[in-house]
Amino acid sequence: MCGGDLVGDPSLQITGAASLGEAVPGEISFYSDPRYGTPLRKTRASAVFVPPDFAESIATAQVRVANPIKVFEQVVLKFAPKPITFGPGIHSSAVVDPSAHLGGRVSIQPYAVIEAGARIGDDTIIGAGSYVGHETVIGSACLIYPRVTIRERSRIGSRVIIHSGAVIGADGFGFEMVEGRHEKIQQLGIVQIDDDVEIGANTTVDRARFGRTWIQQGVKIDNLVQIAHNVVIGKNSVIVAQTGISGSTRVGERVTMAGQVGIVGHVEIADGSVIAAQSGVSKSVPGGVWFGYPARPIEETKQQIAWIRRLGKLFERVKEIEKKLGL
């Protein structure tokens with residue numbers, strides 16, 4: 001199955017797959033990182049995928065392969081339950097406006113609502129309790145999990161996955177102080193989500209004040225992310241959980257934002273930038289790896305943190321010097 005070389009008993013029977021720490025006899029695991037040497041030596045797995053140059057002597061059977069992680073994934077799929085499938089058709093409890101256009105083999109699950117003028121492409125699944133607003137367009141082969149809200153006039157490409165609890169097209173947070181009171185600014189734009197995007201559970205993508213909030217092709221967004229009005233996220237970027245991006249920010253292509261990053265509005269993040277976890281970006285980022293609050297180039301921030309940690313010892317030394325000088 002994997003084209004590997006076996007070091008061990010060829011009659012060994014494998015009935016499952018698990019991590020090094022969780023595997024039991026009869027299961028196979030994988031090892032590819034020297035940091036996991038201790039779990040490898042303690043594993044109860046009957047066999048382990050290892051790299052071709054693995055030299056350690058262990059009692060567990062080994063299967064030597066070029067990429068243990070990838071091969072292990074292939075084996076896990078062999079043992080995994082069959083994927084859940086949904087047959088085409090409209091459930092009797094769903095509400096589909098007569099003017100909505102459904103492509104071939106579309107599946108509309110229980111209690112979903114499809115509003116007037118909506119268009120849904122071939123092979124798309126709309127999960128139970130989800131809402132597709134007026135004149136919204138959803139492409140082909142999309143998977144909209146249960147209880148997703150997609151508001152009016154949103155534009156969603158093909159092969160898009162949106163997980164439960166996500167809200168696409170809510171109003172942007174726009175208010176203006178008039179005579180001592182906050183008055184709402186109408187949010188008249190749309191959300192556009194291009195092909196092959198995945199959006200995690202309970203993530204929110206706000207509609208534009210005018211124009212569009214735009215998630216470009218191949219972007220992957222984790223759970224609990226907030227994307228404000230008129231934000232643009234470039235192709236193949238990755239946005240990790242609990243990140244918040246303020247309005248009108250432009251994020252380049254292949255950008256990585258780790259967990260709990262905060263971005264102020266109206267800044268630009270250059271292509272290929274990496275923003276480390278819990279960083280706060282207060283100005284445009286020209287590229288490279290950034291960390292801290294406010295975010296700075298990571299080596300500069302690391303140096304500053306090291307200086308701060310040494311301040312206590314420095315104060316003690318200063319006190320001793322002052323004492324000797326009689327100050």
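Bear in mind these aren't lab numbers, they're just calculated from the coordinates by the rules spelled out. As the structure is a computational prediction, the values presented were derived from the model and not from experiment. Positions of Cβ are backbone-derived with ideal geometry, glycine not excepted, and every protein chain shown enters the neighbour counts.
Assorted remarks:
- Counting every other Cβ atom within 10 Å of each residue's Cβ, 214, 290 order from fewest to most as 214, 290.
- Share, in percent, of DSSP beta bridges within region 89-300 that are antiparallel, nearest 5: 10
- Net charge of Cβ neighbours under 14 Å - reference residue 34; Lys, Arg +1; Asp, Glu -1: -1
- Dipole-positive endmost among 54, 297, 118 within the chain (Cβ charges, Cα centre): 297
- If you bin all the Cα-Cα distances of region 89-300 at 10 Å, starting from zero, the percentages per bin are 10, 35, 31, 18, 6, 1, 0.
- Bridgeable lysines around residue 324 (alpha carbons under 23 Å apart, same-chain partners fewer than 8 residues away excluded): 313.
- Cα gyration tensor, region 215-299 - rounded (a/c under 1.5), prolate or oblate: rounded
- The ranking of 183, 115 by Cβ neighbour count inside 10 Å, starting from the fewest, reads 183, 115.
- For region 24-75, trypsin sites (Lys or Arg not before Pro) meeting the loop criterion (DSSP other than H, G, I, E, B) and having at most 16 other Cβ atoms within 10 Å: 44.
- Positive-end extreme of charge dipole, the chain - chosen from 103, 240, 288 (charges on Cβ): 288
- Selected from 69, 170, 40, residue furthest toward positive end of dipole (the chain; charges at beta carbon): 40
- Cross-link partners of residue 70 among aspartates and glutamates (Cα-Cα below 20 Å; sequence separation of 8 or more within a chain): 5, 22, 27, 33, 53
- Per-residue ellipticity at 222 nm, computed for the chain from helices alone with -39500 (n - 2.57) per DSSP H run of at least four residues, works out to -4000 deg cm²/dmol.
- Check: region 5-79 dipole with +1 on Lys, Arg Cβ and -1 on Asp, Glu Cβ, in debye: 120
- Highest-MSF residue in the chain out of 43, 213, 301 [GNM, Cα springs under 10 Å]: 43
- Euclidean distance of C-alpha centroids, region 1-61 and region 124-186, integer Å: 46
- Check: the chain dipole with +1 on Lys, Arg Cβ and -1 on Asp, Glu Cβ, in debye: 940
- Across region 196-203, coupling constants 3J(HN,Hα) worked out from phi with the 6.51/-1.76/1.60 Karplus curve, θ = phi - 60°, read 6, 8, 10, 10, x, 5, 6, 8 Hz, and Gly and Pro carry x.
- Table column - 3J(HN,Hα) (Hz), region 71-87, Karplus curve with 6.51, -1.76, 1.60, x for Gly and Pro: 5, 4, 4, 4, 5, 4, 5, 5, 8, 5, x, 4, x, 5, 10, 10, x
- Percent of C-alpha pairs per 10 Å bin, region 1-147, short to long: 11, 31, 12, 13, 20, 11, 1
- Comparing 181, 155, 119 in a Gaussian network model of the chain where C-alpha atoms under 10 Å apart are linked, the largest mean-square fluctuation is found at 181.
- Across region 5-79, Cα-Cα pairs more than 15 Å apart make up 47 percent of the total.
- Integer Hz, Karplus 6.51/-1.76/1.60 couplings in order for region 156-172, x for Gly and Pro: 10, x, 9, 6, 8, 10, 10, 8, 4, x, 5, 10, 10, x, 5, 4, x
- Here the Gaussian network model covers the chain, with springs between Cα atoms less than 10 Å apart; of 69, 185, 114, 69 fluctuates the most.
- Region 66-90 and region 207-240 have Cα centres spaced 28 Å apart.
- Straight-distance candidates among the lysines for linking to residue 184, with alpha-carbon spacing under 30 Å and chain neighbours fewer than 8 residues away dropped: 283.
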